[in-house]
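For reference, the structure discussed in these notes is given below.
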Amino acid sequence: LSYEAKIALAKGAELSNTGICSGEGGMLHEEQHENSRYFYEYASGEFGYKDELLKNVQAFHFKGGQGAKTGIGGHLPGSKNIGKISEIRGIPEGQPAISPATFKNLHTVDEFKKFADHVREITGGIPIGFKLSANHIEEDIQFALDAGADYIILDGRGGSTGAAPTMFRDHISVPTIAALARARAYLDKQNTSGAVTLIIAGGLRVPIDFVKALALGADGIALSNSV
């Protein structure tokens, strides 16, 4: 997204009384300034991350996966890593920005939980979440619960991104509505419904999609392409 688009979306979300997410590319300060419900996404590339950034956000989540490109990380060519993008990500202009498939220093439940507790400590206890690709749904949700998640963003097949191979985007991950049904059933079984917020994403674009998702047990909906 362009600088102008990110600012406009943040303003629109604020007017709609909802939040905006930084995305994995780091925090654009002007975007954060325009929205009072700012979600900071911490991904495997750790682009531009500093503890002090979190003093101005209202929620924080680990990006464990994305439905449109499950398990493969990301690669922004050096030709696109220029100007504001380079500045935010903390990578010299012209160098590619690589997002590994997994975090470099976070692997176990205890490691994620320790980082989550650190974030809570320095922010006064903001909600901590996990963004998960809809594949090993129940196992991944349990991992997030064990690590102390307050919310889960489950991203099913149907969503998109400019960085996804077509095969992964169209054929990998559980379709969004089916994934939602499984996630809600599992959270209910674990007696965490009401305590852990379930946000669904991935190809939900028109009002009837949102109605269906809420009826099937989503507590919230995350949108991208449809906005």
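Among the residues making up segment 56-102, those that are under 15 Å from Gly26 (Cα atoms), outside any strand (DSSP E or B) and open to solvent by less than 20 Å² (accessible area, probe 1.4 Å) are Val57, Asn81, Ser86.
For (1) small (Gly, Ala, Ser); (2) closer than 20 Å to Val109 by Cβ, each residue gets a yes or a no:
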{"site": "Leu132", "(1), (2)": "no, yes"}
{"site": "Ala144", "(1), (2)": "yes, yes"}
{"site": "Ile152", "(1), (2)": "no, yes"}
{"site": "Gly156", "(1), (2)": "yes, no"}
{"site": "Thr166", "(1), (2)": "no, no"}
{"site": "Gly194", "(1), (2)": "yes, no"}
{"site": "Val206", "(1), (2)": "no, no"}
{"site": "Leu214", "(1), (2)": "no, no"}
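Test Lys131 against the stated conditions and say whether it is open to solvent by less than 60 Å² (accessible area, probe 1.4 Å), out of contact with any Leu (no Cβ under 9 Å at 6 or more places or on another chain) and of a type in the set (Lys, Arg). So Lys131 fails the test. Taken over segment 103-128, the residue count meeting the criterion of being open to solvent by less than 20 Å² (accessible area, probe 1.4 Å) and at pLDDT below 95 is 1. Restricting attention to segment 102-144 and to residues that are in contact with a strand residue (DSSP E or B) (Cβ under 8 Å, 6 or more places away or on another chain) and of a type in the set (Ser, Thr, Tyr), the residue that is farthest from Phe60 (Cα to Cα) turns out to be Ser133. Scanning segment 5-55 for residues that are open to solvent by 20 Å² or more (accessible area, probe 1.4 Å), among the polar types (S, T, N, Q) and not in a helix (DSSP H, G or I) gives Ser16, Asn17, Thr18, Ser36.
Those helices (runs of 4 or more DSSP H) of segment 143-227 in which 2 or more residues are open to solvent by 70 Å² or more (accessible area, probe 1.4 Å) and not basic (Lys, Arg) occupy 166-171, 207-215. Scanning segment 32-73 for residues being of a type in the set (Val, Ile, Thr) and free of Cβ contacts under 8 Å to residues at least 12 places away in the same chain gives a total of 0. Restricting the first member to segment 108-125 and to residues that are hydroxyl-bearing (Ser, Thr, Tyr), and the second to residues that are not in a loop (DSSP other than H, G, I, E, B), the beta-carbon pairs closer than 9 Å and six or more apart or on different chains are Thr123/Leu54; Thr123/Lys55; Thr123/Phe60.
You will find that of Ala215, Ala222, Ala181, Ala195, the residue that is under 26 Å from Gly74 (Cβ atoms) and of a type in the set (Gly, Ala, Ser) is Ala222 and no other.
The values are calculated or read from the model by the stated rules, or taken from the named source; none is laboratory data. It should be emphasised that the depicted structure is a prediction, and the values quoted were computed from it without experimental measurement. Positions of Cβ are generated from backbone atoms using ideal geometry, with glycine treated the same way; all protein chains shown enter the neighbour counts. Ligands, DNA and RNA are excluded from the accessible area calculation, which covers all protein heavy atoms including side chains. Shrake-Rupley method; radii C 1.70, N 1.55, O 1.52, S 1.80 Å.
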